[in-house]
Amino acid sequence: MRIANRNFAPTLFAVAITIAAVVVFARLAFWQLDRAAEKDALQAQYAAGQRSVVELTAANVATLTQYQRVTARGHYERALRCDPAHVEAHLNLAAILEEAERLEAALAHYKAALRADPMHTDAHLATALLYEKLGLRRRARDHWRRYLQWSPAGAWAEVARKRVEEGDSAG
């Protein structure tokens, strides 16, 4: 076969390799399409689970669907009855209450966590953010300062510095 004044005569081996490559790449293309369909199904399942929040109980733990949002408030409340100074239980319960827009109750649990451990940086961070949500910038600034005191290189340190500087410049 001649192409552009050149003799084109591929070997049988080259033809076989080319056909094999075409078959492999076609299979890979269909595999990617299948993966895309699986991803869409997973995303739909995740979205369905995020639409509602279910109370986690011993009775329903085995029947929950994958990605189902649950609230474990009762478990944290029981933990606090056993150990009223359990910092993580206070923080997690406060986060649940904050998500439910029960901000004053959440603040009470953040404060309880700080009474139990005044140097807990996550508690100062969460308290500062909640005070900002409540519009209490001066109180938030106090907790940003404490966050920086105990975690000057923490994940939120730059945000904390900015918030402290904004507050200091505002008076």
Filter the range 109-136 for residues that are farther than 18 Å from Gln149 by Cα and more than 24 Å from the chain's Cα centre (by Cα); which is least open to solvent (accessible area, probe 1.4 Å)?
Ala112
Going by what's in this entry, would Gly74 be described as at pLDDT below 95 and more than 30 Å from Gly49 (Cβ to Cβ)?
no
Enumeration of residues in the range 1-20 that are in a helix (DSSP H, G or I) and surrounded by 10 or more Cβ atoms within 10 Å (Cβ to Cβ):
Ala14, Val15, Ala16, Ile17, Thr18, Ile19, Ala20
In the range 137-171, what count of residues is obtained for those that are open to solvent by 30 Å² or more (accessible area, probe 1.4 Å) and either closer than 17 Å to Pro118 by Cβ or of a type outside the set (Val, Ile, Thr) (or both)?
24
Residue satisfying all of: in the range 21-52; surrounded by 10 or more Cβ atoms within 10 Å (Cβ to Cβ), within 19 Å of the chain's Cα centre (by Cα) and of a type in the set (Gly, Ala, Ser); modelled with the highest pLDDT among these:
Ala44
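The values are calculated or read from the model by the stated rules, or taken from the named source; none is laboratory data. Predicted model, so just to flag it, every value in this text is computed and none were measured. Every residue, glycine among them, receives a Cβ derived from its backbone with ideal geometry; neighbour counts consider all protein chains shown. We work out accessible area using only protein heavy atoms, side chains counted, and drop any ligands, DNA or RNA first. Shrake-Rupley method; radii C 1.70, N 1.55, O 1.52, S 1.80 Å.
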